[in-house]
Amino acid sequence: MPKIIPVSTFDCVVFGATGDLTLRKLLPALYYRFRDGQIPGDSRIIAAARSALSDDDYCERATQALHEHVAREDLDPEVANRFCSRLSYVRLDAADPKADWSGLAHLLDPARVRVFYLATSPDLYGPICRNIGTKGLVTDNSRVVLEKPIGHDLASAREINDSVGRVFDEAQTFRIDHYLGKETVQNLLALRFANSIFERLWNADVIDHVQITVAETVGVEQRGGYYDHAGALRDMVQNHILQLMCLIAMEPPLSLDADRVRDEKLKVLRALRPIEPHEIGTLTVRGQYGPGAVESQPVPGYVADLDGPESSATETFVALKAEVRTWRWANVPFYLRTGKRLPRKVSEIVIQYRALPFSIFPAEAAEWQPNRLIIRLQPEEGMRLAMMTKDPGPGGLRLSPTALDIRFEKTFGMRFPDAYERLLMDIVRGNPTLFMRRDEVEAAWAWVEPLLQAWAGRPDHPRLYPAGSWGPTAAIALIERDGRTWLEDAG
Ligand SMILES: NC(=O)c1ccc[n+]([C@@H]2O[C@H](COP(=O)([O-])OP(=O)(O)OC[C@H]3O[C@@H](n4cnc5c(N)ncnc54)[C@H](OP(=O)(O)O)[C@@H]3O)[C@@H](O)[C@H]2O)c1
């Protein structure tokens, strides 16, 4: 068990404290850090929302959330009680400039680290920050946390960033992309920059292409209202997938200093070749799930899941071929793919190496597979290096693909903290390395926005795919046209 270093005592105000994110992710993450002694016992969590609740009501909701979202073996009732005693509830319409903030202001200690966590819809980020500013609640030791999505296009992202920036400095602003808090994602930095073998094999000379897949089995669930205005490109590609791509494609940063890492990620986003309108049909595929079966259970299609409109042109699946125009990545395509109602829940990055230049082995010795480094974010975070090895035994020289396989949880024999646990502690520590800087968010929108515009200008609807399949067949054609295959189809 690694040594746990406690963070400073803090006051954390969570706006949107009755919402899904707070109850499902933030409170359980804070509970774990509290249980493990990383959060000092006198820290406070101030829950704010408009609903009329007492401290006791909120404590009851929080306890129920812990029962639902903390593993049973990890939930200690005595610790949960102590944790709940650190919670207070404030009823507040935080976007209303006329609201009375005195109840909240009263609870804050000026000597402590102060965190304002905006777990509300993004259109409230500007108004809430304005109110925090006019009520005089920003101290030198304050931070504000913004959830994705930051806007729905470049202009709205800039507007949010401007409004927040009028109250908080960039160094106080923590834009969360929880993928960056995942253990494997940080291991990417270790893999590339703490091992001398990989970085030398991390370029167009040896890498054939890269695939990034973020596949979900779920549909839109309770979030249809949000999702139907967002779609897969905004919800997944603009943030999570492009961030993963940045970590794969970036040059070695000068140091681990937050701005040095973020400078390198920004260069990748700026090096992305814009997809031109005439290329939309060949370099992008958008799909929408129809009825089908996932994990052997019949499920309805997207429009039926929305429970409202009779039709929708929102994409629940995207596949793209992207190109990073740098010396390192010349002619190495990045195939990006995400979707809902796919056959398996999996997030993984595949680095596929080039085929052998020449083989001394007879063709019948093996079913050749190229070397692949597979970095798995979920489930079972880990890494696998697929390589050819000789079949054991004296029966002639036969070769088969085998894997060097590291599953982190098994290897280290410990529970892996959820991404939010690490990110919340980094916020209190004031370490922004794993958070997106304003220019990164805007550069990502600048690349994505023309795709949204080009799709909006086309008469065709997203291609329907049966729930439980790997998306429209056009997504298979997108990669097979180049003589390549998605990992699940590759032998
Ligand atoms: N849920 C997720 O898994 C997830 C994942 C990634 C990002 N996010 C992002 O996180 C944010 C929150 O998502 P969510 O799913 O938790 O949303 P949600 O379930 O709709 O919760 C929204 C929360 O905001 C509160 N609220 C609304 N207006 C308010 C106001 N004027 N003043 C104070 N509180 C107000 C609501 O409570 P009252 O109605 O009581 O005021 C509720 O607690 C969104 O930006 C979302 O995109 C969510």
Original post:
Of the peptides 345-352, 119-126, 364-371, 108-115, how do they stack up when ordered by the mean number of other Cβ atoms within 10 Å, highest first?
Top reply: 345-352, 119-126, 108-115, 364-371
Original post:
Dipole of the chain (Lys/Arg Cβ +1, Asp/Glu Cβ -1, origin at the Cα centre): which of Thr213, Pro362, Met414 lies farthest to the positive side?
Top reply: Pro362
Original post:
For the chain, what is the calculated [θ] at 222 nm in deg cm²/dmol (nearest 500), taking -39500 (n - 2.57) for each run of four or more DSSP H residues and dividing by its residue count?
Top reply: -9000 deg cm²/dmol
Subject >> Sites His278 and Ser102, calculated FRET efficiency, Cβ-Cβ separation with R0 51 Å, nearest 0.05 >> reply: 0.30
Original post:
How large is the charge dipole for the chain, taken about the Cα centre, if only the Cβ atoms of Lys, Arg (+1) and Asp, Glu (-1) carry charge, to the nearest 20 debye?
Top reply: 820
**OP:** Could you order Thr9, Thr338 so the one with the most accessible surface comes first? Probe is 1.4 Å.
**Re:** Thr9, Thr338
**OP:** Identify the trypsin sites (Lys or Arg not before Pro) of segment 1-110 meeting these criteria: DSSP loop state and at most 10 other C-beta atoms within 10 Å of the C-beta.
**Re:** Lys3, Lys98
**OP:** Have a look at Ala119, Leu53, Ile39 and report the one farthest towards the positive end of the charge dipole of segment 34-149, computed about the Cα centre with Cβ charges (Lys/Arg +1, Asp/Glu -1).
**Re:** Ala119
**OP:** Over segment 6-96, give the accessible area per residue in Å² for a 1.4 Å probe, as an integer.
**Re:** 44
Original post:
If you put +1 on each Lys and Arg Cβ and -1 on each Asp and Glu Cβ, how big is the dipole of segment 1-137 around its Cα centre, in Debye rounded to 20?
Top reply: 420
**OP:** Place +1 on the Cβ of every Lys and Arg and -1 on the Cβ of every Asp and Glu in the chain, take the dipole about the Cα centre, and give the residue among Ser156, Ile248, Ala62 whose Cα lies farthest towards its positive end.
**Re:** Ile248
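Leaving out ligands, DNA and RNA, and with a 1.4 Å probe, what % of the accessible surface on segment 89-132 is carbon or sulfur?
In segment 89-132, the share of accessible area belonging to carbon and sulfur is 54 percent.
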Original post:
Could you give the accessible area per residue of segment 228-361, probe 1.4 Å, as a whole number in Å²?
Top reply: 43
Original post:
In the structure displayed, which of Lys182/Lys390; Lys265/Lys390; Lys98/Lys148; Lys3/Lys321; Lys390/Lys410 lie more than 31 Å apart, Cα to Cα?
Top reply: Lys182/Lys390; Lys265/Lys390; Lys3/Lys321
Original post:
When only C-alpha pairs under 8 Å and at least 6 residues apart count, what is the relative contact order of the chain, in percent?
Top reply: 18
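Could you check how much of the accessible area of segment 1-42 is carbon and sulfur, as a whole percent, using a 1.4 Å probe?
56
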Original post:
Just how much of Asp177 is accessible, in Å², when a 1.4 Å probe is used and the result is rounded to the nearest 10?
Top reply: 0
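The values are calculated or read from the model by the stated rules, or taken from the named source; none is laboratory data. Remember, it's a predicted structure, so these values are computed and weren't measured experimentally. Using ideal geometry, Cβ is built from the backbone for each residue, glycine included, and neighbour counts are taken over all protein chains shown. To get the accessible areas, we keep the full protein, side chains included, count just its heavy atoms, and leave off ligands, DNA and RNA. Shrake-Rupley method; radii C 1.70, N 1.55, O 1.52, S 1.80 Å.
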